Amino acid sequence: MALNFTDLPSLYAHDFDTVIDVRSPAEFAEDHLPGAINLPVLDNEERARVGTIYVQESPFLARKLGAALVFRNAANHIEHSLSLHEGGWKPLVYCWRGGQRSGSFAWMLQQIGWRAEVVEGGYRTYRRLVNQFLYQDPLPHRLIALDGYTGTAKTELLAHLKSRGVQVLDLEGLANHRGSLLGEMPGGQPSQKAFESALAAALCGLDPACPVVVEAESSKIGTMILPPSLWTALRNAPRIQVRASIRARTAYLVNTYDDILSDGDRLRDRLSPLRFHRGHEVVDGWLSLIDAGDKQALTRALMEQHYDPSYAKSSRARTAEVVARVDAATLDDAGLNEMAARIERILDQL
């Protein structure tokens, strides 16, 4: 019998030693259960080949070829990837819909003596539970948003708060993007489905009885879209406003964004489209600073002429309450640690 999971927290709370995704590498790369390993019983080319035969020739021929490939690949995994497991090993197996791929693989593992089980409905069940958690159910957590101008080190503040035992949700970390026009990170962003998987797992790991500190974001982080329940909660969350001088913010951003500030071509490509919003004269000034290699002046100009006006405009449209304001003398580790201590005290009073 396959295991039937009715909600996402119960699936995440499974007691299996290993979660095995037997789908193709392409399917796994798009999204998978957090922590799962990929042991495909059909690789990308084999899956396409079997599917083509199923449609164009015969379902019987496709099943016959598929069975041969599945058992051949499964035997290879057992001989190599799984060879070190002892008799008490307990794996949980899933494929696209809990059908032949996962069933065949789990059967082989059971014949060896391992306590393998299959997820009923496979990955499709998992996606349904993620969708229900993020798009249908109300978010059970109480969010507190860190707000403030660009360059006030809010992401680093989250890390300092987490080290002090405060519950935090790092949306930019999950989206692998710094949440701004120049926010691309190495490796690129995950798929929307993978982002939602990571987000759901992070939320399920947080205690709804305690506040969760999150950086104030727009409804999109790069190309990642925040699910409605989270976006509604974040938009209405009480704000703790973080403030720092333009000098401190400039120094912080020059250090944090050194990768893109050192790439003139990439900067020009990102900034040139802003002519429509900021005007030719302003953007030409930025491009001149890029040509001069003046990272400090460029960073300050971008804040004063683009980021700060954008933040001020969006702030006027917000209705969420600002419950506290925290001023930073510096944005180095000592300054951030001192701010984190003050924010922790503020949270204790909310």
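With the checklist (1) closer than 23 Å to residue 155 by Cα; (2) out of contact with any Ser or Thr (no Cβ under 8 Å at 6 or more places or on another chain); (3) modelled with pLDDT of 90 or more in hand, flag the one item residue 254 doesn't pass.
Evaluating residue 254 over (1) closer than 23 Å to residue 155 by Cα; (2) out of contact with any Ser or Thr (no Cβ under 8 Å at 6 or more places or on another chain); (3) modelled with pLDDT of 90 or more leaves (2) as the failure.
Scan region 39-52 for residues that are surrounded by fewer than 18 Cβ atoms within 10 Å (Cβ to Cβ), in contact (Cβ under 8 Å) with a residue 12 or more places away in the chain and either more than 37 Å from the chain's Cα centre (by Cα) or assigned to a helix (DSSP H, G or I) (or both) and report the count.
Kept after step one, since they are surrounded by fewer than 18 Cβ atoms within 10 Å (Cβ to Cβ), are these residues of region 39-52: 43-45, 48-49, 51-52.
So of that shortlist, the ones also in contact (Cβ under 8 Å) with a residue 12 or more places away in the chain come out as 43-44, 49.
Then drop every residue that is not either more than 37 Å from the chain's Cα centre (by Cα) or assigned to a helix (DSSP H, G or I) (or both), which leaves 44, 49.
Here the count works out to 2.
Scan region 148-160 for residues that are surrounded by 22 or more Cβ atoms within 10 Å (Cβ to Cβ) and under 20 Å from the mean Cα position of the chain (by Cα) and jot them down.
Once the filter is applied, which keeps residues that are surrounded by 22 or more Cβ atoms within 10 Å (Cβ to Cβ) and under 20 Å from the mean Cα position of the chain (by Cα), region 148-160 yields 153, 154, 157, 158.
Taking the criterion of being out of contact with any Pro (no Cβ under 7 Å at 6 or more places or on another chain), assigned to a loop (DSSP other than H, G, I, E, B) and among the aromatic types (Phe, Trp, Tyr), would at least one residue in region 267-290 satisfy it? Before you say what the answer is, go through the steps one by one.
Quick first cut of region 267-290, residues out of contact with any Pro (no Cβ under 7 Å at 6 or more places or on another chain) only: 267-290.
Imposing the further condition that a residue be assigned to a loop (DSSP other than H, G, I, E, B) reduces the set to 279.
Next cut, among the aromatic types (Phe, Trp, Tyr) only: none.
So far as region 267-290 goes, no, none of its residues is out of contact with any Pro (no Cβ under 7 Å at 6 or more places or on another chain), assigned to a loop (DSSP other than H, G, I, E, B) and among the aromatic types (Phe, Trp, Tyr).
Of all residues in region 257-266, count the ones that are open to solvent by less than 40 Å² (accessible area, probe 1.4 Å) and in a helix (DSSP H, G or I). Reasoning before the result, please.
We begin by selecting, within region 257-266, every residue open to solvent by less than 40 Å² (accessible area, probe 1.4 Å); these are 257, 260-261, 264.
With in a helix (DSSP H, G or I) added as a condition, the list becomes 260-261, 264.
Number satisfying all stated conditions: 3.
List, please: which pairs have Cβ atoms under 7 Å, are six or more places apart or on different chains, and start with a residue in region 127-150 that is closer than 13 Å to residue 196 by Cβ and end with one that is open to solvent by 10 Å² or more (accessible area, probe 1.4 Å)?
129/5; 129/7; 134/229; 135/228; 135/229
Within region 240-250, which residues are surrounded by fewer than 19 Cβ atoms within 10 Å (Cβ to Cβ) and either part of a loop (DSSP other than H, G, I, E, B) or more than 26 Å from the chain's Cα centre (by Cα) (or both)? Quick ask: steps written out before the conclusion?
Step one: list which residues in region 240-250 are surrounded by fewer than 19 Cβ atoms within 10 Å (Cβ to Cβ), which gives 241, 243, 245-247.
The answer is 243, 245, 246, 247.
Would you pick out the residues in region 83-111 that are more than 15 Å from residue 125 (Cβ to Cβ), in contact (Cβ under 8 Å) with a residue 24 or more places away in the chain, hydrophobic (A, V, I, L, M, F, W, C) and not in a helix (DSSP H, G or I)?
Within region 83-111, just 89 meets the criteria.
Residue under question is residue 290, and the condition is that it be in contact with a strand residue (DSSP E or B) (Cβ under 8 Å, 6 or more places away or on another chain) and modelled with pLDDT under 95; does it hold? Quick ask: steps written out before the conclusion?
Values: in contact with a strand residue (DSSP E or B) (Cβ under 8 Å, 6 or more places away or on another chain): no; modelled with pLDDT under 95: yes.
Criteria not met by residue 290.
Filter region 272-321 down to the residues that are in contact (Cβ under 8 Å) with a residue 40 or more places away in the chain, among the acidic types (Asp, Glu) and surrounded by fewer than 16 Cβ atoms within 10 Å (Cβ to Cβ) and list them by number.
304, 321
Residue 130: open to solvent by less than 10 Å² (accessible area, probe 1.4 Å), farther than 13 Å from residue 215 by Cβ and either at pLDDT below 95 or over 19 Å from the mean Cα position of the chain (by Cα) (or both), yes or no? Quick ask: steps written out before the conclusion?
Details: open to solvent by less than 10 Å² (accessible area, probe 1.4 Å): yes; farther than 13 Å from residue 215 by Cβ: yes; either at pLDDT below 95 or over 19 Å from the mean Cα position of the chain (by Cα) (or both): no.
No: the conditions fail for residue 130.
The values are calculated or read from the model by the stated rules, or taken from the named source; none is laboratory data. The shown structure was predicted, so the numbers you read here are calculated from the model rather than taken from an experiment. With ideal geometry, Cβ positions are generated from the backbone for all residues, glycine too; neighbour counts draw on all protein chains shown. Accessible surface areas use protein heavy atoms only, side chains included; no ligands, DNA or RNA. Shrake-Rupley method; radii C 1.70, N 1.55, O 1.52, S 1.80 Å.
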